[in-house]
2 protein chains.
Amino acid sequence: MKTETLIGKSVPRIDSIRKATGAAKYTADLFLSGMLHAKVLRSPYPHARILDIDTSKAEQLEGVRAVITGKDTKGVKWGVFPYTQDHGMIATDKVRFIGEEVAAVAAVTEEIAQRAVELIDVTYEELPAVFDPEKAMKDDKLIHEDRGTNINVHVDIDVGDVDAAFGEAEIVLEDVFKSAGEAYAMMEPYSVVADFNSEGYLDLWIPNAGPHVRAKALSNLLKMPLNKVRVRKIDIGGAFGGRSEVSPSDVVTALLSIKSRQPVKLVLSREETFTATRQVHDMIVYLKTGADANGMIIARDARVIYDGGAYSSTGPIATSVPFYVYEETYKHPNVRYNGYRVYTNKCPRGMYPHHGRAYQVAMTTHMDMVAEKLGLDPMEIRLRNANRSGDHTATDSVISSCGLSESITMTAEMSRWSEKRGKLPKYRGIGMGSMGLMCGFPMGFRSGATAFIRMNESGQITLFTGMVDNGQGNENMVVQITAEVIGIPMEMVNLVNADTEMTGHDPGAYSQAATFVGGNAVMRAAQDVRRQVLAASAEMMKVAPDELDITNGMIHLKNDNEKSFFIARAARYAMSNGGNIVGKGSYFPKISRDREWVKNPRGQMGGTYSFNTVVTEIEVDPDTGIIKMLDVWAAHDCGKPINPATVEGQIHGIVSRGGVATYMEEIDWDRGQVLNPNLLDYKVPLATDMPEMDVELITTNDPEGPFGAKEGGLTASMNVYKAIVSAFYDATGVWLKELPFTPEKVLKALAKKNN
Amino acid sequence: MKTETLIGKSVPRIDSIRKATGAAKYTADLFLSGMLHAKVLRSPYPHARILDIDTSKAEQLEGVRAVITGKDTKGVKWGVFPYTQDHGMIATDKVRFIGEEVAAVAAVTEEIAQRAVELIDVTYEELPAVFDPEKAMKDDKLIHEDRGTNINVHVDIDVGDVDAAFGEAEIVLEDVFKSAGEAYAMMEPYSVVADFNSEGYLDLWIPNAGPHVRAKALSNLLKMPLNKVRVRKIDIGGAFGGRSEVSPSDVVTALLSIKSRQPVKLVLSREETFTATRQVHDMIVYLKTGADANGMIIARDARVIYDGGAYSSTGPIATSVPFYVYEETYKHPNVRYNGYRVYTNKCPRGMYPHHGRAYQVAMTTHMDMVAEKLGLDPMEIRLRNANRSGDHTATDSVISSCGLSESITMTAEMSRWSEKRGKLPKYRGIGMGSMGLMCGFPMGFRSGATAFIRMNESGQITLFTGMVDNGQGNENMVVQITAEVIGIPMEMVNLVNADTEMTGHDPGAYSQAATFVGGNAVMRAAQDVRRQVLAASAEMMKVAPDELDITNGMIHLKNDNEKSFFIARAARYAMSNGGNIVGKGSYFPKISRDREWVKNPRGQMGGTYSFNTVVTEIEVDPDTGIIKMLDVWAAHDCGKPINPATVEGQIHGIVSRGGVATYMEEIDWDRGQVLNPNLLDYKVPLATDMPEMDVELITTNDPEGPFGAKEGGLTASMNVYKAIVSAFYDATGVWLKELPFTPEKVLKALAKKNN
């Protein structure tokens, strides 16, 4: 086997310099000649009927080039196919949340656009609004009348014999857990640039996680052929699942450009980004757990209510994935899961990487409670219930490579767990959280990725991939893979990505598909290039291709490094002999491609699974209610790290977002109005809030992964807050059942115990 | 054989709307955020030594971001490889023409850049200058001291036994012919945008005829790897050979961006475009011709002096091509050609499609003089001397498909030649010009083109080709070919071209390579896609690929149009089964790839040759000296027209440029200073100057051309002015021996005859 020269090395990321120096360009930085500026008129009511919209005064304002309302949409509604399609992107008959798009203007300056928006007269008839999902479930006042219910999604999973298992259980627990809504709080406000040209092509620059999926949705919504809707992503200031799917801003900007025949830029304000783009679901979890005397969790019955906001959006996935990621981690012989996503008069909610926060806390806390009752070490009960390679999940996925147990014992060792758990001073505690996560996911033919590569006359290559980098280092990852496979330095690889006109289909930065699916397609394209280079070289040298190797861009006999020539010669020879070097590759994870998401799904969910455990030691201040993570230890099975520094960096980010942030982040609502729509009132972690971190990577060499690699860091995302809950109990004897863990809640919980 | 549905149809060009509506964006329209503006300090002397450059005051001016001089170049000099490399792009030791680049500034506004340029102090020592090439040949004051002579290029061709042939000749003629320098006078002033980014990549937008060739030259000049120099061309306002090769403006803008680390735009003024970009060579032709009693031209001896200006540039090609295009047209049993390109203190001269104007006039006029002496019809002497399919040229190229004789007889018929020649009223005349022209040309591995195509999930495709469209319709041509080959509507083809990062090598819009070479590569890539689509479809349908056909994007059994499915299904099937559809193709013309240009060349010059004849009827006003073309008839052998309207449009353009313009266009010099550097004083034809035109296309179905196609219109470029000379003699009995045919010259010639 060939020694890898780049894979597994922490090479500096190709995007570091521009991001560190501020040279990176974001969508709002774009300027096209003749570009107009857009502003949006938004609903002031959480629920109201639109009786009339008068845009005449706005249209007459000097400098206004286009005014649109819901009438300008094509009547197509969006929602994750093949589930509910309920969102027309600009309100027509009704508004359903404060901030919903009602009309929009493109004008020569932002100021004129804003003035014009203020000149639009809308006559509303206010309707009763509902903000509590449990109330909405029973309410006969419907948010979408045509649907006959406020229940948007019902995920219904029933595996084994749950009732019988509860009958056999030694321990049965019942509790309620909650998590509040959160904002994605990306640094970059949402921005779109649209340019509809005279040939009927629409160019869009959007900070998004999957240009190909986005282009398809926009092609449907705008009734334009797919090849005439070009979606690009340039540098992006955060995504976190909130930029996964098509947004009303995309449609608004596109329609304004189509109507004005000029380029249009829309940059949302911070307030609009907080109130009118997607948010994270509020959740209520009713959980019943049954365990046997050995600490094996033999029965689970969960009823989970998701506050979905006004539209379906990615609801079917957001409502089911929390279940899947837990079943990928621990055995589930008998389980019943009823996930209800309910319409309320709030802005629509979307995917979030810390999948199902209250649900994960509930499931793990019950496990810890069982351990407590049986006198088992929390580490031990995790090991007993942990999935292992070859295990089947409840919905019938097979786990292939699996470093879960190893991650548990490794973090225990790193943290000196057994010296600490139950043995630390009062108000100090140590806790553990573990999780598995699928790589790749069922989305029909969109589950797979494609890539292609062309070699120029100097032997340098351009890699074309739909791959999206939202900050994870995916761009660097594909360049590292390509350079390694072909045998050239990374400097010889130019990358063209995240552009639907230039690149083949890629699922995007969803569901841990980037390295495992996209990286695999890139690897195959690179292998195809290598084959072609070696074939041309062999023909030139009159030897067999397998006698040759490529090292650092030089072609040589395997056993003779001396007689070598530059790869450019092979490229030119191939060009000149009818076979310009262009390689291609596609990869589909071995999954049940058309697996159902909602109704008792069965079949292979992920192409493989990655695993992670986090241990944290915390200190609780009983006077202020402030939790402080002192140390975090993480062990991560990413199959094999393509770039260890990048994987570690990902985990550092997750400790911030899925750890520190869980002391503070929460949307504050008042009758459908967000009260803290800015970064002063909505608290996010600062560098000074971060704990010490120690990350180890576990190599399981996944048989399907490129160079053995799986997902590169995200799996930790559900572990930090679970470890905090576990550590908090160790520190105080109190179970936290509600996210976020704000000082107020901490103080209340401590007071309740002390009473 | 399949009936073609798109090829041969005058479909509307894909670029028409944006050009007709003014929506097209040219390089000067580009705006990048943080972009600086550049201005250039130019030499006020035709020849001077630079003693000192003091940029300190300019550097201190508020708003200035970078100042460069020749010291900032890497010391690399440019000229067509492997010939003279003498041009460092910014003057260092000496300036050699008025307008030469001495220093440049990038600043936050154009005004500040201009003020800064004026603050640069240069101390010169004036040197004696030479403007007359014949004087320069003998001069011992050298423009390039290191070269030891002012002769830059000497093309030396000697075939057969010229002296013996003259001995046998019945008729021997000797004359001198001249043509003045011209400007390219493109509508779009030369503009460059350069963006050197923090990762060390340089992006360049340049109105140019061959991005791949340009990128290579810049990669050498800037000492940067080829893949880090990205050259793009967007819409372009004219090229005419004047945008063939790297320009000092490219280097200046690149260096300013590299130094300032900001994007920089340079837009030359009209005056700078006239005086400091390339121009067309002045020529003096000493021609001796020998003919036998049958009118066969059996001996030629030509001594041609080219005024090359200050640098070598594309000189070796510009000095030899006039010979080649004539030998491609008429038999040359014995010929001697000495072409001297001489340095003078004028701006460098480059390629021009009306190759060797005075030379073509000389060669054809002597043929007409022979006919006159022998009482032969000028049409008849052309037919006797014309090359035919299978003939060898003097330098040993074989002519394949050849519609020359047919074009002569066809235009004679169209114009009712035999009723008119010698029979029209005084001051009216009819004349004929014919020419053949090679398609493709020897440039090592750069002679060939490559292309590739990817199909998306909707069966739509993106075609990647280096193909350049300078207005000829090349973009439409490749889209038509691709759609025809695959069997899809043109609307399903997206085109990515003329961008070195995105596309494979293509020679560019040089030497009639676009359709014949580039089009062939595209055709092969499309055939590869079609093969893959049919293979996937056959697998789906469980039939053999050759049982299937694709019509208008639908796949069906050849004998059953009813049962069909959309091509998207095949694309998705292929993606899902490990073979995303990506096609590739390359094509090299069957030429002597490394054929010498200058020293007695031998071997195959073009991959094939196209042929054209133009007949024009003119009227001469003896009082004003104004020539008026009344009618133009053209017959063009383009093998097969891909888009007849486009080919006809090309010929219309040439009638303007190579016909009407030859009454007026001329650079007016005074001691190295251009006196008419603007479109008020430099006259170009207007729409109202155009004659009636009637164009017929001859189909010879070239065996190598894509769908039988060859060059699509340019061959006419040397025929209109020759036909005018011939018609002028018919009208007045006077031979015009000097281009342009200004009223002043016409009156002089008529006066001379009347005396």
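Please state, to two decimals, what the Cα-based radius of gyration of the protein assembly as shown comes to when divided by 2.2 N^0.38 Å (N = residues). Don't skip to the end; give the middle numbers.
Details: Rg = 37.4 Å, N = 1510, 2.2 N^0.38 = 35.5 Å.
So the protein assembly as shown has a normalised radius of gyration of 1.05.
Between the amide H of A:Lys94 and those of A:Ile50, distances stay under 5 Å, these residues lying 5 or more places away or on another chain, with hydrogens modeled in the peptide plane. With a cut-off of 11 Å between beta carbons, the residues surrounding A:Ala136 carry a summed charge of 0, where Lys and Arg count +1 and Asp and Glu -1.
Please figure out what share of the DSSP beta bridges in segment B:226-354 is antiparallel and state it in percent, rounded to the nearest 5. Given both bridge residues lie in segment B:226-354, the antiparallel proportion sits at roughly 50 percent. Residue and whole-Å distance for the chain A Cβ lying nearest the axis of the A-onto-B rotation are A:Phe31, 3. Annotation: Cα Rg of segment B:502-614 relative to the compact-globule expectation 2.2 N^0.38 Å equals 1.50.
A:Lys628: net charge of surrounding residues, Cβ under 9 Å, Lys/Arg +1, Asp/Glu -1, itself excluded?
-3
With contacts taken as Cα pairs under 8 Å and at least 6 residues apart, chain B reaches a relative contact order of 16 percent.
Computed over the Cα atoms of segment B:9-67, pair by distinct pair, the Kirkwood hydrodynamic radius stands at 16.7 angstrom. Let me make sure I get this right: for chain B, a, b and c are the square roots of the gyration tensor eigenvalues over alpha carbons, sorted descending. Under 1.5 in a/c it's rounded, otherwise prolate if a/b > b/c, else oblate. Which is it? It comes out oblate by the Cα gyration axes.
Near B:Asn334, the amide H atoms lying under 5 Å from its own belong to B:Arg300; only residues 5 or more places off or on other chains count, and H is placed 1.01 Å from N.
On a 19 Å Cα-Cα criterion, which of the cross-link pairs A:Lys135/A:Lys745; B:Lys223/B:Lys599; B:Lys135/B:Lys178; A:Lys216/A:Lys259; A:Lys288/A:Lys599; B:Lys599/B:Lys722 come out too long? Over 19 Å Cα-Cα: A:Lys135/A:Lys745; B:Lys223/B:Lys599; A:Lys216/A:Lys259; A:Lys288/A:Lys599; B:Lys599/B:Lys722. In order along segment B:442-449, phi translates into HN-Hα couplings of x, 8, x, 6, 6, 5, x, 10 Hz, rounded to whole numbers, per the Karplus curve 6.51 cos²θ - 1.76 cosθ + 1.60 with θ = phi - 60° and x for Gly and Pro. Counting other Cβ atoms within 10 Å as a rough exposure proxy, the listed residues A:Lys640, A:Lys77 run A:Lys77, A:Lys640 from fewest neighbours to most. Taking Cα pairs under 8 Å and at least six residues apart, what relative contact order does segment B:348-506 come out at, in percent? This gives 15 percent for segment B:348-506.
Label-point distances for A:Phe445 to the equivalent site in the other copies, using a point 7 angstrom along Cα→C-beta, read 3.6 nm when ranked shortest first.
Semi-axes of the equivalent ellipsoid of segment A:1-131 are 41, 24, 13 Å, computed as sqrt(5λ) over the eigenvalues of the C-alpha gyration tensor in descending order.
Taking all Cα pairs closer than 8 Å and separated by 6 or more residues, the relative contact order of segment A:606-714 comes to 39 percent.
Placing unit charges on the Cβ atoms of the charged side chains and taking the dipole of segment B:263-380 about its Cα centre, the candidate lying farthest along the positive direction among B:Asn345, B:Pro263, B:Gly356 is B:Pro263. Antiparallel beta bridges, as assigned by DSSP with both residues in the protein assembly as shown, represent about 75 percent of the total such bridges. For B:Lys423, a cut-off of 20 angstrom between C-alpha atoms picks up these aspartates and glutamates, skipping any fewer than 8 places away in its own chain: B:Asp368, B:Glu372, B:Asp377, B:Glu380, B:Glu413, B:Glu617, B:Glu619, B:Asp621, B:Asp631, B:Asp730. Convex hull volume per residue, computed on the Cα atoms of segment A:431-552, equals 147 Å³. At 7 Å along Cα-to-Cβ for each site, give me the label-to-label distance between B:Asn552 and B:Arg303 in nm. For B:Asn552 paired with B:Arg303, the spin-label model returns 6.8 nm. Counted by neighbouring Cβ atoms within 10 Å, the residues A:Leu32, B:Leu218 run from fewest to most as A:Leu32, B:Leu218. Full extension of the segment from B:Trp669 to B:Lys563, taken as 0.36 nm per residue of separation minus the current Cα-Cα distance, would add 31.0 nm. Calculated [222 nm] ellipticity per residue, helices only, for chain B: -8000 deg cm²/dmol; basis is -39500 (n - 2.57) per DSSP H run with n ≥ 4, divided by all residues, nearest 500.
Pick out the long, greasy-scoring helices in chain A: whole DSSP H runs spanning 24 Å or more along their own axis by Cα, mean Kyte-Doolittle at least 0.0. Display every interim value, and only then the final one.
On the way: long enough: A:357-374 (26 Å, -0.08); A:519-541 (32 Å, 0.03).
Qualifying helices, which must be both long enough and hydrophobic enough, are A:519-541.
Sorted ascending by nearby beta carbons within 10 Å, beginning with the fewest, A:His154, A:His87 become A:His154, A:His87.
In order along segment B:175-187, phi translates into HN-Hα couplings of 8, 10, 10, 9, 9, 7, x, 10, 9, 6, 6, 5, 5 Hz, rounded to whole numbers, per the Karplus curve 6.51 cos²θ - 1.76 cosθ + 1.60 with θ = phi - 60° and x for Gly and Pro. Neighbours of A:His47 by Cβ distance under 11 Å: Lys/Arg scored +1, Asp/Glu scored -1, total +3. Checking the Cα-Cα distances for B:Lys74/B:Lys346; B:Lys19/B:Lys74; B:Lys373/B:Lys753 against a 28 Å cut-off, the pairs over it are B:Lys19/B:Lys74.
Charges at C-beta only: +1 for Lys and Arg, -1 for Asp and Glu. How large is the resulting dipole of the protein assembly as shown about its Cα centre, in Debye rounded to 20?
Working: 164 positive and 192 negative charges, 194 e Å.
With only Lys, Arg, Asp and Glu charged at Cβ, the dipole is about 940 debye.
In order along segment A:612-625, phi translates into HN-Hα couplings of 8, 10, 10, 10, 9, 10, 10, 10, 10, 8, x, 8, 9, x Hz, rounded to whole numbers, per the Karplus curve 6.51 cos²θ - 1.76 cosθ + 1.60 with θ = phi - 60° and x for Gly and Pro. Computed from Cα atoms alone, the Kirkwood hydrodynamic radius reported for segment A:184-279 is 13.3 Å.
With one equal scatterer per alpha carbon and no solvent term, the Debye-computed log10 I(q)/I(0) for segment B:286-404 at 0.11, 0.16, 0.22 1/Å reads -0.40, -0.79, -1.24. Counting only DSSP beta bridges whose two residues both lie in chain A, roughly 75 percent are antiparallel. By the equivalent-ellipsoid construction on the alpha carbon gyration tensor, segment B:145-236 comes out with semi-axes of 46, 19, 14 Å, ordered largest to smallest. Once a ≥ b ≥ c are taken as the square roots of the eigenvalues of the Cα gyration tensor of segment A:559-623, is the result rounded (a/c under 1.5), prolate (a/b larger than b/c) or oblate (a/b not larger than b/c)? Oblate.
Quick note: the coordinates plus some simple rules give every number you see, no bench work behind them. Every value quoted in this text rests on a predicted model; they were computed, and no experiment measured them. We place every Cβ from the backbone using ideal geometry, glycine too, and count neighbours over all the protein chains shown.
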